[in-house]
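The values are calculated or read from the model by the stated rules, or taken from the named source; none is laboratory data. All of these numbers come straight from a predicted model, not from anything done at the bench. Here the Cβ positions follow ideal geometry from the backbone for every residue, glycine too, while neighbour counts run over all protein chains shown. Note: accessible area is taken over every heavy atom of the protein model, side chains too, but ligands, DNA and RNA are not part of it. Shrake-Rupley method; radii C 1.70, N 1.55, O 1.52, S 1.80 Å.
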Amino acid sequence: MRGSFSVTVDIEDWYHIPSVCSSPYAVYRTVNEFFDKWGDRYDYLTEPTKRSLDILDEFNITATFFVVADIVEHYPGLVESIAERGHEIACHGLHHACKIDPETKERLMSNEEFEQKTLLAKKILEKVSGEKVVGYRAPNAFVGGWMLDSLENIGFKYDSSVSVNSLYNKTDSSLKTVSSFPYYPIEKGLEVGDDRNFIEFPWAYYQNVLKIPASGGPILRFLGAPLVLNGLIQSLKRGHTIFYFHPIDISCTKFPSVGNNRPFYWCMKGKLVEHRIRHVLKSMSDVKKVCLRDYQEDKL
Ligand SMILES: [Zn+2]
């Protein structure tokens, strides 16, 4: 295997997903509206995040944590505890709101609004971590090419949101030229372009007849570790690739039933998923891992 891979962790809670908050079909229009209704009964994230940090220590991994910036306000000390253990803090939006329409892929805001909100999120995360925040992951991985230009404008160095596969496309591009290894995106788009001061790190996939996403998250929960592992191994032959998981995926607590399809969405989580994450990391223990902030560009 010639590639290295990066372990990435998305820090969001149960209500950040689009059926509950911040999408055109959410129960609550905004996260603030959610907090008005839920008071102090919202935190299902702190405990599994602490366990995730212990798992990473156990495998000696420095990871990149894509953090929703409003976590800083509502979970005092949590993001600090991640940064103190040497992990990279990157940005997963201000409130985890979709930036493009999940159905039409049309933009839901102007570049100016996106830049203003994302810059605020970046500053909140920089203040709490004491480090420059240079990485971004689009909430729910709904990403448009125009967003990358804005990210570059406001000081980001990379994005890691693109998943090439045959099951779904959450972007506004066909991704015909994209694979599972890092590249310089074209301006105003997500296809592969020329040298640029901005990198996209797409996720791993497994290819047989179809391309199956194999980077973690729902695929790890519903389809299991062997598929993800085989996808990572295949992707590593193509170059550097990305693995990710959500701490809330290993929470053993039953989540509130709010939002469409929620009971189904969360039917696979907890110890089983923790076991699968450990299995993937153990099986990949000999493969080089690179924290995204330390990725050396000359490898592109
Ligand atoms: Zn997310």
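Quick notes on this one:
- Listing of helices (runs of 4 or more DSSP H) fully contained in region 204-275 that carry 1 or more residues being touching a strand residue (DSSP E or B) at 6+ places or on another chain (Cβ under 8 Å): 218-223, 225-238
- Scanning region 171-190 for residues that are open to solvent by less than 60 Å² (accessible area, probe 1.4 Å) and outside any strand (DSSP E or B) gives Ser173, Leu175, Val178, Ser179, Ser180, Pro182, Tyr184, Gly189, Leu190.
- Among (1) open to solvent by 10 Å² or more (accessible area, probe 1.4 Å); (2) within 16 Å of the ligand (Cβ to nearest atom); (3) touching a Phe, Trp or Tyr at 6+ places or on another chain (Cβ under 7 Å) - the single one Ser23 does not satisfy: (3)
- Filter pass, Lys99 being surrounded by 13 or more Cβ atoms within 10 Å (Cβ to Cβ), closer than 22 Å to Ser19 by Cβ and modelled with pLDDT under 95: yes
- Reported count of residues in region 96-134, each being more than 15 Å from the ligand (Cβ to nearest atom), more than 15 Å from the chain's Cα centre (by Cα) and either among the polar types (S, T, N, Q) or outside any helix (DSSP H, G or I) (or both), is 15.
- Only one of Thr64, Thr46, Thr30 that is under 21 Å from Val258 (Cβ atoms), of a type in the set (S, T, N, Q) and in contact with a Leu (Cβ under 7 Å, 6 or more places away or on another chain): Thr46
- Remark: pairs (first residue in region 10-39, closer than 18 Å to Leu108 by Cβ and part of a loop (DSSP other than H, G, I, E, B); second residue at pLDDT 90 or above and of a type in the set (S, T, N, Q); Cβ separation under 9 Å; 6+ apart in sequence or on different chains) = Ile17/Asn140; Pro18/Asn140; Ser23/Asn140.
- The C-beta contact set for region 255-270 (first residue modelled with pLDDT of 75 or more, second residue part of a loop (DSSP other than H, G, I, E, B) and open to solvent by less than 40 Å² (accessible area, probe 1.4 Å), distance under 7 angstrom, 6+ apart or interchain) comprises Phe255/Trp266; Val258/Val20; Lys269/Ser251; Gly270/Ser251.
- Every residue from region 135-169 that is at pLDDT 95 or above, open to solvent by 30 Å² or more (accessible area, probe 1.4 Å) and either hydrophobic (A, V, I, L, M, F, W, C) or under 16 Å from the mean Cα position of the chain (by Cα) (or both): Lys157
- Close pairs from region 53-80: first surrounded by fewer than 15 Cβ atoms within 10 Å (Cβ to Cβ), partner assigned to a loop (DSSP other than H, G, I, E, B), Cβ under 8 Å, at least 6 apart: Asp57/Arg85
- Test: residue in region 32-39 that is open to solvent by 10 Å² or more (accessible area, probe 1.4 Å) and within 16 Å of the ligand (Cβ to nearest atom): no
- Of all residues in region 57-95, those satisfying the criterion of being in a loop (DSSP other than H, G, I, E, B) and within 16 Å of the ligand (Cβ to nearest atom) are Ala63, Val68, Ala69, Tyr75, His92, Gly93, Leu94, His95.
- Of the residues Ser257, Ser251, the single one that is surrounded by fewer than 14 Cβ atoms within 10 Å (Cβ to Cβ) and touching a helix residue (DSSP H, G or I) at 6+ places or on another chain (Cβ under 6 Å) is Ser257.
- Flag for Val209 being over 19 Å from the mean Cα position of the chain (by Cα), aliphatic (A, V, I, L, M) and either more than 16 Å from the ligand (Cβ to nearest atom) or open to solvent by 20 Å² or more (accessible area, probe 1.4 Å) (or both): yes
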